[in-house]
Amino acid sequence: MTLLAFGINHKTAPVDIREKVAFSPEKVAEALRDLVSRQPVSEAVILSTCNRTEVYCGLDYPDNDTVAEWFSRYHHLPVDSFTPYLYAHTDGDAVQHILRVASGLDSLVLGEPQILGQIKEAYTTAYASGAIGSQLNRLFQHTFAVAKQVRTDTAIGASPVSVAFAAVSLAKQIFTDLSEHTVLLIGAGETIELVARHLVENKVSKIIVANRTVERAAELARTFNGTAIALGNIPERLVEADIIISSTASPLPILGKGAVESALKLRKHRPLFMVDLAVPRDIEPEVAQLRDVYLYTVDDLHEVIEENRKSRQEAALQAEQIISTQVEHYMGWLRSLDAVDAIRAYRERAEHMRDEVLADAHRLLAAGKDPQVVMTELARTLTNKLTHSPSVQMKHAAYHGEQEVLKHAAQILGLDDKST
């Protein structure tokens, strides 16, 4: 079986490409079932976030083209429209890639912890969809353990650095003192919750949470002493907000140029700071054309993030060493599967010999033979049966001068060099 890690991320593709190939959460299960129904794909996991869309596959035989063609058909895009942005890693390189992703080494923010939770969600969805087989199950369990080891053994996550943290840091550059300003958060997922935590730490004056599910918005708002509203109420509350940060899974923009323009008039053109962390984008790009609006997307946060990246470089080097070792551990396990059938057959043959010899011993005992003599004969016969085939093969190898075969036989049988 071949492992394949296939996709695009913030390093290889701009946001306008990434949003075209994103998978909405409610459609992932269906997409997985469709993918694994196609030969040679036997198992799959889809990871789709604002910064990456990746498909991890177990293939019965190497065939990246099938996955690329499926990807193209699913998103109704010509293959050549995303090929320049694509990467495809196989086997050991695929293992290294997912370990780096889970450990935060491939993130926009080096060492950010949110990606591990997103990978766990992707795994859970694939498992529930029946798209996970033994190989990917082992790979993802190994991935979770390695990511935990990296967090424990290095300082990769020592400081609160994330896309959410970068967004709040940028807001502070615009508005210095956040305690005098109101924030409108659109969405109620993990990223928005993290944004809210950073805002509260910076003593923001007021938080309004807008979400498709008002109950979830209310739950999040209560945590931070904020106010919850429905998405449909955003236009009438825009006038209050100095800062708008959005991160939803909506396939279409939630906030358009017209609504923002109307709010600016009522605000008498007081500046409006906006960060769109969603892919596909929640805020129409045309909003950036308006005066007194500062609109940033996830791709605009690189500068803020780069400052924080420097402090994690040493920890990242340590993490890479851990990952390199753990890639070999996983690949060693994978290679060991090649011996499973041979080991099973060898054990079955040995057990068959044992049963034959034991049956003879039982007959002799039933016939009144001396138990000591029977036990001695059982041990001799079983030893001869077990050693006969290896002995014949080693003699054959020696006769033909096959020294490498003899060395491997000695190694397998646990013999020292002098024995050969």
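Values quoted throughout were computed directly from the atomic coordinates according to the rules given, and no laboratory measurement underlies them. This one's a predicted model, so the numbers in the text were calculated from it and none came from an experiment. Cβ atoms come from the backbone with ideal geometry, glycine included; neighbour counts cover every protein chain shown.
Quick check: net charge around Ile305, other residues with Cβ under 12 Å of its Cβ, Lys/Arg +1 and Asp/Glu -1?
Numbers: positive: Arg309, Lys310, Arg312; negative: Glu112, Asp299, Asp300, Glu303, Glu306, Glu307.
In short, -3.
Spelling out what I want: for every residue of region 56-62, take phi, set θ = phi - 60°, compute 6.51 cos²θ - 1.76 cosθ + 1.60 (Karplus), and round to whole Hz; glycine and proline get x.
Karplus-based 3J(HN,Hα) across region 56-62 equals 9, 10, x, 10, 5, 7, x Hz.
Please go through the residue pairs Lys11/Lys265; Lys206/Lys265; Lys120/Lys206 and name each one whose alpha carbons sit more than 29 Å apart in this structure. Could you put the intermediate results ahead of the total?
Numbers: Lys11/Lys265 38 Å; Lys206/Lys265 21 Å; Lys120/Lys206 33 Å.
Check vs 29 Å cut-off fails for Lys11/Lys265; Lys120/Lys206.
What is the spread of the Cα atoms of the chain along each of their three principal axes, largest first, in whole Å?
Cα spread of the chain along its principal axes, largest to smallest: 108, 45, 43 Å.
Taking only Cα atoms and a 10 Å spring cutoff, compute GNM fluctuations for the chain and point out the largest among Met353, Met394, Met331.
Judging by the Gaussian network model, the answer is Met394.
Could you tell me which helices of the chain pass both thresholds, a Cα extent of 30 Å or more along their own axis and a mean Kyte-Doolittle hydropathy of at least -1.0, with helices taken as whole DSSP H runs? Don't skip to the end; give the middle numbers.
Values: long enough: 313-336 (34 Å, -0.38); 340-366 (38 Å, -0.53); 371-399 (41 Å, -0.29).
Sorted by number, the helices that extend far enough and score high enough are 313-336, 340-366, 371-399.
With the contact rule set at Cα under 8 Å and sequence spacing of 6 or more, what percent relative contact order holds for region 165-305? Don't jump to the answer; show the numbers that get you there.
Numbers: 262 pairs, mean separation 31.8, N = 141.
This gives 23 percent for region 165-305.
For a test of the definition: using alpha carbon positions, the gyration tensor, and the 1.5 limit on a/c, classify region 165-305 as rounded, prolate or oblate. Mind showing how you got there, number by number?
Working: a/c = 1.20, a/b = 1.08, b/c = 1.10.
Rounded, since a/c falls under 1.5.
Going by amide H atoms built from the backbone, whose H comes under 5 Å of the H on Phe224, apart from near neighbours?
none
From Cα pairs below 8 angstrom and at least 6 apart in sequence, can you work out the relative contact order of the chain, rounded to a whole percent? Mind dumping the intermediate values first?
Numbers: 608 pairs, mean separation 58.8, N = 420.
Over the chain, the number comes to 14 percent.
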